[in-house]
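Enquirer: Quick one: the structure is below, questions incoming.
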Amino acid sequence: MLNCWSATKLASDSLDRKLTLVERMRLGTHLAMCPACRRFSRQAADLRQLSRHYCSVPDDLSRPSETDSER
């Protein structure tokens, strides 16, 4: 069975590459039993999604305009 360090490494790797069947099975087994690693895995995926969304927003929409701050 994976330890938490190895599981979080695989969870992180899974965001960058397709895991092998064995890696997916080992990670899935660990995540089924470890709430801390499940939380880490969800948070890493959420951070990636938020980062991609933030990077796709044009600069003029990501910062409040002067008129917004004057209101």
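Enquirer: Pairs needed: first member in segment 38-53, more than 15 Å from D16 (Cα to Cα) and in contact (Cβ under 8 Å) with a residue 12 or more places away in the chain; second member anywhere, β-branched (V, I, T) and assigned to a helix (DSSP H, G or I); C-beta distance under 7 Å; at least 6 residues apart or different chains.
Expert: If the second residue must be β-branched (V, I, T) and assigned to a helix (DSSP H, G or I), the pairs left are F40/T8.
Enquirer: List every residue pair whose Cβ atoms lie under 7 Å apart, where the two residues are 6 or more positions apart in sequence or sit on different chains, the first residue falls within segment 1-30 and is over 13 Å from A44 (Cα atoms) and free of Cβ contacts under 8 Å to residues at least 24 places away in the same chain, and the second residue, located anywhere, is open to solvent by less than 60 Å² (accessible area, probe 1.4 Å) and part of a helix (DSSP H, G or I).
Expert: L19/L10; L19/D13; L19/L27; E23/L10
Enquirer: Output the helices (runs of 4 or more DSSP H) that fall wholly within the chain and possess 1 or more residues being of a type outside the set (D, E) and either modelled with pLDDT of 85 or more or touching a Leu at 6+ places or on another chain (Cβ under 8 Å) (or both), or say none. So that I can check it myself, show each step before the final result.
Expert: Working: elements: 4-13, 21-33, 35-56, 59-62, 66-70.
In the chain, 4-13, 21-33, 35-56 are the helices (runs of 4 or more DSSP H) which contain 1 or more residues that are of a type outside the set (D, E) and either modelled with pLDDT of 85 or more or touching a Leu at 6+ places or on another chain (Cβ under 8 Å) (or both).
The values are calculated or read from the model by the stated rules, or taken from the named source; none is laboratory data. Predicted model only: the values in this text are computed from it and were never measured. Using ideal geometry, Cβ is built from the backbone for each residue, glycine included, and neighbour counts are taken over all protein chains shown. The area values use the complete protein model at the heavy-atom level, side chains included, leaving out ligands, DNA and RNA. Shrake-Rupley method; radii C 1.70, N 1.55, O 1.52, S 1.80 Å.
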